[in-house]
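**Student:** Take this structure first; my questions come after.
The values are calculated or read from the model by the stated rules, or taken from the named source; none is laboratory data. Computed from a predicted structure; not experimentally measured. Cβ: placed from backbone, ideal geometry, glycine included. Neighbour counts: every protein chain shown. Accessible surface areas use protein heavy atoms only, side chains included; no ligands, DNA or RNA. Shrake-Rupley method; radii C 1.70, N 1.55, O 1.52, S 1.80 Å.
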Amino acid sequence: MQAKIIDGNEISRGIRKKMARGVKSLKEKTGITPGLAAVLVGGDPASAIYVQRKGKAAREVGIYTQTFRLPSDVNEMEVLSLIERLNHDPLFHGILVQLPLPPHLSEGKIIQSVLPTKDVDGLHPENMGKLLLGTPLFVPCTPAGIHQMLLWSGYNPEGKHVAICSRSNIVGKPLMMTLMQKREGANSTVTLCHTGTRDFASITSQADILVAAVGMPEVITADSVKEGAVVIDVGINRVKDPSRKVGYRLVGDVDFEGVKDKIEAITPVPGGVGPMTVTMLLVNTLKAAQLYDLETYHPLMFEAIEGQYEP
Ligand code: GUN
């Protein structure tokens with residue numbers, strides 16, 4: 001039987017509808033309009049598209065948003081002083097610095113300059129530390145999106161063996177910290193695989209849930225997955241395709257055609273993890289705005305886990 005498709009667009013629509021209601025209710029109760037500042041350095045076309053997508057999605061749920069564009073040769077002091085200004089600007093409850101940054105800028109220094117209470121990307125060391133300790137404030141958007149996708153599609157990771165192929169700060173490490181927590185909707189046994197892992201396939205093929213974020217097209221093949229597994233494909237890779245007008249098509253890290261008859265479910269590329277990452281940025285921005293007014297503060301994350309928001 002062919003695998004079920006875990007549709008990130010559909011799940012996103014459900015969460016964004018709730019989001020729009022949450023934004024409206026915050027505005028009515030407190031007069032606060034959640035605000036998101038996006039900082040885009042340089043002219044990387046993929047980054048520009050991602051930031052555009054995030055801005056459009058934010059506006060659609062009623063979040064005020066503005067993009068601050070800086071040239072690729074900007075010096076670090078200018079970036080830091082823009083962030084300092086945004087940290088103090090009451091219009092913005094969330095600040096997003098699109099990554100990657102040009103190599104002459106210190107990603108670590110710039111991420112650390114964002115106020116942790118406005119760090120809607122969840123990448124500040126304080127927020128990473130809170131996540132590790134089991135008291136998260138903002139969970140990074142891609143891992144949060146993957147977690148919500150599993151819950152919303154009925155694949156609760158509790159007690160399951162999850163293999164994560166990534167040790168990045170954006171995906172692998174925070175996802176491992178999220179799923180290993182002793183908490184309803186998590187409580188998984190997590191194995192983290194990386195470039196130093198020996199006999200990769202023998203580990204991934206034992207996993208009930210496999211998360212692939214290796215950044216290489218279609219390298220996870222049928223012999224690397226367990227029969228009946230749930231597969232989350234985080235990869236977005238361009239491969240040449242002369243039959244398409246644009247000359248390429250997007251594929252994930254997983255060989256979709258090769259695994260689809262062996263597994264229980266899979267996220268598509270595009271239309272899987274991508275829209276969920278954007279959605280979780282909106283969730284974190286509303287949460288940041290709600291922190292301004294503790295009376296209305298209500299973490300959407302836990303409501304979803306309790307099953308109130310089943311689609
Ligand atoms: N670049 C790729 N993914 C992300 C993300 O989740 N946040 C930011 N800021 N940049 C990214």
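**Student:** Binned at 20 Å from 0, what are the whole-percent values of the Cα-Cα distance distribution for the chain, short to long?
**Tutor:** Final binned percentages: 33, 59, 9.
**Student:** What list of ³J(HN,Hα) couplings, whole Hz, do you get for the range 194-204 from phi and the Karplus terms 6.51, -1.76, 1.60, once you set θ to phi - 60° and write x for glycine and proline?
**Tutor:** Residue by residue, the range 194-204 yields 8, 5, x, 6, 8, 6, 3, 5, 5, 7, 4 Hz.
**Student:** How far apart, in nanometres, would the label points at SER205 and GLU126 be if each is projected 7 angstrom from Cα along the Cα-to-Cβ direction?
**Tutor:** 4.7 nm
**Student:** Counting only protein heavy atoms and using a 1.4 Å probe, what share of the accessible area of the chain belongs to carbon plus sulfur, as a whole percent?
**Tutor:** Summing carbon and sulfur atoms, their accessible area is 54 percent of the total for the chain.
**Student:** Roughly what angle does helix 45-60 make with the longest principal axis of the chain, taking Cα atoms, 0 to 90 degrees, to the nearest 10?
**Tutor:** 70 degrees
**Student:** Dipole of the range 49-177 (Lys/Arg Cβ +1, Asp/Glu Cβ -1, origin at the Cα centre): which of VAL114, LEU151, MET77 lies farthest to the positive side?
**Tutor:** LEU151
**Student:** Only bridges with both residues in the chain count here: give the DSSP antiparallel percent, nearest 5.
**Tutor:** Values: 4 of 33 bridges.
If we restrict to bridges inside the chain, about 10 percent are antiparallel.
**Student:** Quickly estimate the mean residue ellipticity at 222 nm for the chain, helices only: each DSSP H run with n ≥ 4 gives -39500 (n - 2.57), and the total goes over all residues, rounded to 500.
**Tutor:** After summing the helix terms and dividing by residue count, I get -12000 deg cm²/dmol.
**Student:** So if I place +1 on the C-beta of Lys and Arg and -1 on the C-beta of Asp and Glu, and nothing else carries charge, what would the dipole magnitude of the range 7-65 be about its Cα centre? I want it in debye, nearest 20.
**Tutor:** Taking the Cα centre of the range 7-65 as origin, the dipole is about 320 debye.
**Student:** Once amide H atoms are placed 1.01 Å from N in the peptide plane, what residues at a sequence separation of 5 or more from ASP44, or on another chain, have their amide H within under 5 Å of its amide H?
**Tutor:** none
**Student:** HN-Hα J couplings of the range 82-87 from phi, Karplus 6.51/-1.76/1.60, θ = phi - 60°, integer Hz, Gly and Pro as x?
**Tutor:** Working through the residues one at a time gives 5, 5, 4, 5, 5, 4 Hz.
**Student:** In square nanometres, what is one fourth of the surface area of the convex hull spanned by the alpha carbons of the range 1-145?
**Tutor:** The directionally averaged projection comes out at 10.8 nm².
**Student:** Hey, another quick one. Taking Cα atoms of the range 27-76, Rg/Rh with Kirkwood Rh, to two decimals?
**Tutor:** Using only Cα positions, Rg/Rh for the range 27-76 is 1.10.
**Student:** Okay, moving on. Just want to confirm a number: the relative contact order over the range 147-286, from Cα pairs under 8 angstrom separated by 6+ residues, in percent.
**Tutor:** 20 percent
**Student:** Right, another one. Roughly what angle does helix 141-152 make with the longest principal axis of the chain, taking Cα atoms, 0 to 90 degrees, to the nearest 10?
**Tutor:** 60 degrees
**Student:** Go through the range 9-20 residue by residue and turn each phi into a ³J(HN,Hα) via Karplus (6.51, -1.76, 1.60, θ = phi - 60°); whole Hz please, and just put x for glycine and proline.
**Tutor:** 5, 5, 5, 4, 4, x, 5, 5, 4, 4, 4, 4
**Student:** Would you mind calculating the gained length between ALA46 and GLU227 on full extension (0.36 nm times residue separation, minus the Cα-Cα distance), in nm to one decimal?
**Tutor:** Contour length minus Cα-Cα distance gives 61.7 nm.
**Student:** Let me ask something else about it. Can you tell me the FRET efficiency between HIS194 and LYS24 if r is taken as the Cβ-Cβ distance and R0 is 41 Å, rounded to the nearest 0.05?
**Tutor:** 0.40
**Student:** Between ASN187 and THR135, with labels modelled 7 Å along Cα→Cβ, what's the label distance in nm to one decimal, could you check?
**Tutor:** So the label points at ASN187 and THR135 sit 2.3 nm apart.
**Student:** Would you work out the Kirkwood radius for the range 156-259? I mean one over the mean of 1/r across all pairs of different Cα atoms, in Å. It would help to have the intermediate numbers written out before the result.
**Tutor:** Numbers: mean 1/r = 0.0701 Å⁻¹.
This gives a value of 14.3 Å.
**Student:** Quick one: which residues, 5+ away or cross-chain, put their amide H under 5 Å from the amide H of CYS193? H built at 1.01 Å from N.
**Tutor:** So CYS193 has HN proximity to ILE164, CYS165, SER166.
**Student:** Under the 0.36 nm per residue contour assumption, what length would be gained going from the current alpha-carbon distance of MET1 and GLU60 to full extension?
**Tutor:** Between MET1 and GLU60, full extension yields 17.5 nm more.
**Student:** Continuing with the same structure: Which angle between 0 and 90 degrees, to the nearest 10, do you get for helix 273-290 versus the longest principal axis of the chain when only C-alpha atoms count?
**Tutor:** Value to nearest ten degrees: 30.
**Student:** Need one number: the % of Cα-Cα pairs in the range 211-283 sitting beyond the 15 Å mark.
**Tutor:** Counting pairs separated by more than 15 Å, the tail of P(r) holds 55 percent.
**Student:** Would you pull out the residues with amide H under 5 Å of THR65's amide H, same chain only if 5 or more places away, H placed 1.01 Å from N?
**Tutor:** When sequence neighbours closer than 5 places are left aside, the close amide H contacts are LEU36.
**Student:** Counting heavy atoms of the protein chains only and a 1.4 Å probe, report the per residue accessible area for the chain as a whole number of Å².
**Tutor:** 47 Å²
**Student:** Under unit Cβ charges (Lys, Arg +1; Asp, Glu -1), what dipole magnitude, rounded to 20 debye, does the chain have relative to its Cα centre? Could you put the intermediate results ahead of the total?
**Tutor:** Details: 33 positive and 33 negative charges, 129 e Å.
About 620 debye.
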